[in-house]
Amino acid sequence: MNARHMSDEDLLLDYYGEATPEQHAEMRAHVETCAECQALDRELRAVLSLVDSEPVPDAPPGFEREMWARLEPVVSGFSRTNLEPVMSGFSRTNEVRLKADTTAADTAWSFEFPRWALAASVAALAVGSFALGRVWDTPTTSPGVSTADVRELSERMLRSEVEEHLERSQRVFVELVNADDSAPVRLASDRERAADLVAAGRLYRRSAEEMGDADTRDLLEDVERVLVEIANGPEVESSNDLSEVRAQITDQDLIFRLRVMTAGMQARERRARPTW
Amino acid sequence: MPESDPAIVARAQDGDIDAFRALVEHHSRYLFGVVYRLVRNTEDTQDIVQNTWLKVHAQLGRFEARSEVRTWLTRIAVNCAIDYLRSSKRREAAVDPADLEDHATQATAYVPQPGAERLVLAGEIEARVGQTMSCLTAIERTAFMLRHVEGMSISEIGSELGLKTSATKHCIFRAVRKMRAALAPFVEV
């Protein structure tokens, strides 16, 4: 009998098949005859089997379809004619409509182009050009257009969309704070708007993070928390339910902070504008 | 007969957008599970899966036909999750494992329970596993999950994480040690 006891590390490597055949044979021979190592081996296996018992939440229903809706505007590079309104727009009206072509099992369908899909496109463009600028921070050989120009344009597009996003969030909050709650308040349309803003806001937040803009990122994070509450709340809220959401808005000074942030963005935009 | 994954990837490499869509629809749910185990947050998981697909799209040309599509996707998803964990300020906001060990000692020792009580206990165990996982550092959790759930070898994990084999082993050892401490009251030996 091998007198050397097994360490938990030896046993773990053996459990995962990382021991050599010789080490494995030696360890098994020892464990069979050593009560102490047997107990340790059993305990280790029991712990690892408990880890396996942890359920992992399934993706939300329709996750694949939503994922594709998020990706399509980006991966198709805006090349499809049915996305032309997005190209021409980066419209501030959010009235762009998408008509998907008929592929696979889909029949003709249409829906309002969601805010987050536009956000995905703009954010990807801005972050992509930001990264491009970091890697190749020298002027290109193309006459009149440098990498810095592309980056500046992309960042301005992103700022413009973020500004619009912040204004829309502010409107949702102002309406909620000022709603007459003497009777139950209907929030169906607010929920829809909030859900759209949540999805777009996440993408903007990540872009802000990638671009090192901590202030915008933090504000978007705080805004998102409240929007999530609204989006997941009931369609009709009592004054008690509403007061919780209102408290979150007012306690964090969200409306004021949103105003300050958008005013700052507008001022920067004015300064950046050519003076001709 | 359904088209094989490598054939779909080949079409996507030729610019077929519907082929790429098929990949997204076939594998997104699986990738959600892979990423969730690492970041343990549904919303972040969704964003990371999205980033994964953007990277997959950008790297389609690098896929080699002899590889397994799902393994390739998993690697990209894991790398996206690792990038996220590295950049996230939350990554080291884990609770001190000592706290968890304190709680562990207060838990009742496992004894076989009938019916409803057993279900309650199962719920407690799941909660404790989840809590402990969240308390691991990002690198410990990632190394451990890649070994334990994804079945990657320690050397593969090391190369994904940019760690030496010995450092990778130690990450896994530390993770398992913490799991043992937290789950000891539930283990009947």
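The values are calculated or read from the model by the stated rules, or taken from the named source; none is laboratory data. Because the structure is a prediction, the values reported are computed rather than measured. Every residue, glycine as well, gets a Cβ built from its backbone with ideal geometry; the counts of neighbours run over all protein chains shown.
What the table shows:
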{"quantity": "Selection status of residue A:59, among the small types (Gly, Ala, Ser), touching a helix residue (DSSP H, G or I) at 6+ places or on another chain (Cβ under 7 Å) and modelled with pLDDT of 90 or more", "calculated": "yes"}
{"quantity": "Among residues of region A:1-55, those that are of a type in the set (Gly, Ala, Ser), farther than 22 Å from residue B:130 by Cα and at the interface with chain B (Cβ under 9 Å from one of its Cβ atoms), counted", "calculated": "2"}
{"quantity": "Selection status of residue B:60, farther than 26 Å from residue B:131 by Cα, within 14 Å of another protein chain (Cβ to nearest Cβ) and modelled with pLDDT under 90", "calculated": "yes"}
{"quantity": "Matching option when the condition is surrounded by 21 or more Cβ atoms within 10 Å (Cβ to Cβ) and touching a Cys at 6+ places or on another chain (Cβ under 8 Å), among B:39, B:56, B:35", "calculated": "B:35"}
{"quantity": "Qualifying positions in region A:159-177 - out of contact with any helix residue (DSSP H, G or I) (no Cβ under 7 Å at 6 or more places or on another chain) and either crowded, with 19+ Cβ neighbours inside 10 Å or at pLDDT below 80 (or both)", "calculated": "A:160, A:164"}
{"quantity": "Residue pairs meeting the criteria (Cβ under 6 Å; at least 6 apart or on separate chains; first assigned by TED's automatic domain parsing to the domain that holds residue B:78 and within 13 Å of residue B:142 (Cβ to Cβ), in region B:152-165; second surrounded by fewer than 14 Cβ atoms within 10 Å (Cβ to Cβ) and basic (Lys, Arg))", "calculated": "none"}
{"quantity": "Residues of region B:138-154 that turn out to be under 20 Å from residue A:14 (Cβ atoms) and among the β-branched types (Val, Ile, Thr), as a count", "calculated": "2"}
{"quantity": "Residue among B:19, B:12 that alone is more than 7 Å from chain A (Cβ to nearest Cβ) and surrounded by fewer than 21 Cβ atoms within 10 Å (Cβ to Cβ)", "calculated": "B:19"}
{"quantity": "Residue check for residue B:85: over 30 Å from residue A:201 (Cβ atoms), in contact with a Ser or Thr (Cβ under 8 Å, 6 or more places away or on another chain) and either outside any helix (DSSP H, G or I) or at pLDDT below 85 (or both)", "calculated": "no"}
{"quantity": "Some residue of region B:163-173 being part of a helix (DSSP H, G or I), within 12 Å of chain A (Cβ to nearest Cβ) and at pLDDT below 90", "calculated": "no"}
{"quantity": "Unique residue being under 29 Å from residue B:46 (Cα atoms) and at pLDDT below 80 when the list is A:190, A:180, A:215, A:222", "calculated": "A:190"}
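Here's the yes/no breakdown for (1) touching a His at 6+ places or on another chain (Cβ under 6 Å); (2) crowded, with 16+ Cβ neighbours inside 10 Å; (3) on the phi < 0 side of the Ramachandran plot; (4) of a type outside the set (Gly, Ala, Ser):
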{"position": "A:24", "(1), (2), (3), (4)": "no, no, yes, yes"}
{"position": "A:37", "(1), (2), (3), (4)": "yes, yes, yes, yes"}
{"position": "A:52", "(1), (2), (3), (4)": "no, no, yes, yes"}
{"position": "A:59", "(1), (2), (3), (4)": "no, yes, yes, no"}
